[in-house]
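Following: one structure in structure tokens, then a few remarks.
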Amino acid sequence: MSLIDNLHIAQTEDTPEVYFDVQAGRFRITGRSLPENAYVFYRPILEYVSNFLGINKKSPVEMEFKMDYFNSSSGRFIFELLTMIEESKFGKTDFRVIWNVDVDDELMIEKGEELQSLLDLSFEIKKL
Amino acid sequence: MDHSSTGIHPLLALFDLYLKFRSQQSVFCYRGVFNEEFTSTIIDISEGANFRSEINVNRKVSFLLVECFQNIIKHGENHSEVQERSEGIFSYRLGPNGFIINSINPILQQDKPTLKHLVDEINSKDSKELKELYIRKLSENQLTEKGGAGLGLIELARKSGQKLLYQFEDVREDISLFHQQVTFLSNEEAPMENLLEDTGTLDNMLALEDAFLMYKGDFSQKSILPILSIVEQNVSAEGKVKNTTRKVAHLLVELLQNISKHSEEDETGRKEGIFLIGKTRDSVFIECGNEINEREMHFLKEKLSYLTSLSTSELVSLHKTAMKASIKFENKYKSGLGLIEVVKGAEKGVVYSFEKLDTDKFLFAIKISF
């Protein structure tokens, strides 16, 4: 039994699909993210993750990204999300971030590398 | 006048285009290869332009756009043995007098007499006669391979309720350019404007700038997203593809969203501006302009003059610092990251200028190349 429900937000033309499966320990964000005001979209996701981090009894979690691209204000909130995880009680082995990118997608590789360099997390860039 | 570089003013054309179209609610012009997939995109863009509130009028306009657009594609496909023939110009303007669609597309000289005869015949008929002509052509067409030859033009005349304006421009022994205008007047008293010549002028202005797309109008997300898909298809049609395409899309979004944050909203809350996208042999560029007040001008001047003085590695580390700082900020809307991204992405240069429009109104114009 989990104390928190799964989170599912369907993809739209300017926001990604979000699927956080608590039982499976798999969190996924996929698609493109370019809303004009990213705060409106990301606030509930940040709140959800904040709750999750407070409740979860440290069963391992994998957070996967597969972004087509995202605007700077989305980037700011993705960073905030990952910072929350970095500052939580999860250790590097318990919470792993996987940044999936197409092998030829220079922009998203660059973005992944930047996030990786800013965060003290288990952060793997997986070139597909 | 304030130019970030000396010598000739690199953003003069954008400024001229802005002044030319300042009073129009929305203007769109695309020059290049025509592709069936653009059809739905064109509708989305025009719906973003919001032609009056009556739904019926909007539907009619969408219908006219599709017909015009598909007519051009048909011609292109018929003569695909010569590559340049699938290219053309498609533009629309939404102004106080109505919605006007202009196109220029190449046709074979040998098809000119038939086309001329058909358009003249259509223009000579009243609405009842047009309906009869339509029905007659419809049954004739069932017997031919060429679906729609002439039907599209008849429908354009019927639905717009106006004469079709046209002219031919002979460019080669075997090729003539067919200039066409479909006019949808906002009311019966509105004057009919002939923009055939002016569309040729617009085409020349854009050609001189190496621009393949121009848009003036609302900068909200609803308008930007369909344009992105045109950009994605057009840039990727060129070869070295994906990364360039992604970059254009990324920088365009960043530029337009950033700019809309600094825009002066009009009474209805619309955020307006103009942009061009183009490509030269070795680079792609975006030129973008919008109206700002004096306070915003000072802010942007200072910020851009600082950002453009930095090296790439300095920009990378500034971006990281700004990222870290951004999550501590109370203001969740203006993180300041966008302009850094824009300048960082403009590998082949940034130029910008501020031109006075009226008291306390300036056109902020920026060109980024990569």
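Read-outs: derived from the displayed coordinates by stated rules, not from any lab. The shown structure was predicted, so the numbers you read here are calculated from the model rather than taken from an experiment. Neighbour counts are summed over all protein chains in view; Cβ atoms, including those assigned to glycine, are modelled from backbone coordinates with ideal geometry.
Compared with the alpha-carbon gap, the fully stretched path from B:Glu197 to B:Phe63 is longer by 45.8 nm at 0.36 nm per residue. For the range B:275-330, applying the loop criterion from DSSP together with a ceiling of 13 other beta carbons within 10 Å to the chymotrypsin sites (Phe, Trp or Tyr not before Pro) yields B:Phe329. Using the Cβ-Cβ distance between A:Gln116 and A:Ile4 with R0 = 41 Å, the FRET efficiency computed as 1/(1 + (r/R0)^6) comes to roughly 0.90. Using a Gaussian network model of chain A with C-alpha springs under 10 Å, which one of A:Thr15, A:Thr93, A:Thr30 is most mobile by mean-square fluctuation? Per the Cα network of chain A with a 10 Å cutoff, A:Thr93 tops the list.
Can you give the extra length, in nm with one decimal, that the chain gains between B:Glu188 and B:His298 once fully stretched, where that is 0.36 nm per residue apart less the Cα-Cα distance? Please report the intermediate quantities before stating the final value.
Working: separation 110, 0.36 × 110 = 39.60 nm, distance 4.62 nm.
Answer, rounded to one decimal: 35.0 nm.
Label zone (B:Leu12, point 7 Å along Cα-to-C-beta; backbone nitrogen cut-off 19 Å) within the range B:333-370: B:351-357, B:363-368. With the simple spin-label model, which puts each label point 7 Å out from Cα in the Cβ direction, the B:Lys159 to B:Lys128 separation comes to 2.5 nm. Let me know the shape class of the range A:9-53, please: from the alpha-carbon gyration tensor, a ≥ b ≥ c as square roots of the eigenvalues, rounded when a/c is under 1.5, otherwise prolate if a/b is greater than b/c, or oblate. The shape class here is oblate.
The mean number of Cβ atoms from other chains found within 10 Å of a Cβ in peptide A:101-108 is 3, as a whole number.
Average partner chain C-beta neighbours within 10 Å, per residue of B:319-325? Don't jump to the answer; show the numbers that get you there.
On the way: counts 4, 5, 1, 2, 10, 3, 1.
The shielding value for this peptide is 4.
Provide the gained length on full extension for the span A:Glu87 to A:Ile55, in nm with one decimal, where the gain is 0.36 nm per separating residue minus the Cα-Cα distance. Intermediate values should be presented prior to the final figure.
Details: separation 32, 0.36 × 32 = 11.52 nm, distance 1.48 nm.
Here the segment from A:Glu87 to A:Ile55 would lengthen by 10.0 nm.
Note on B:Lys112: aspartates and glutamates with a C-alpha under 16 Å away, same-chain residues under 8 apart excluded, are B:Asp120, B:Glu121, B:Glu169, B:Asp170, B:Glu173, B:Asp174.
Placing dummy labels 7 Å off each Cα toward the beta-carbon, the span from B:Glu314 to B:Arg136 is 7.5 nm. Taking label points 7 Å from Cα along the Cα-to-Cβ direction, B:Asn204 and A:Glu62 give a separation of 6.3 nm. Take each residue of peptide A:32-45, count the partner chain Cβ atoms within 10 Å of its Cβ, and average: the result is 3. Roughly what % antiparallel, to the nearest 5, for the DSSP beta bridges in the range A:1-73? Taking every DSSP beta bridge within the range A:1-73, about 55 percent pair in antiparallel fashion.
Going down the list B:Lys222/B:Lys348; B:Lys279/B:Lys367; B:Lys301/B:Lys361, which pairs span over 21 Å between their C-alpha atoms? If you can, show how the numbers build up before the last one.
On the way: B:Lys222/B:Lys348 30 Å; B:Lys279/B:Lys367 12 Å; B:Lys301/B:Lys361 15 Å.
B:Lys222/B:Lys348, as the Cα separations exceed 21 Å there.
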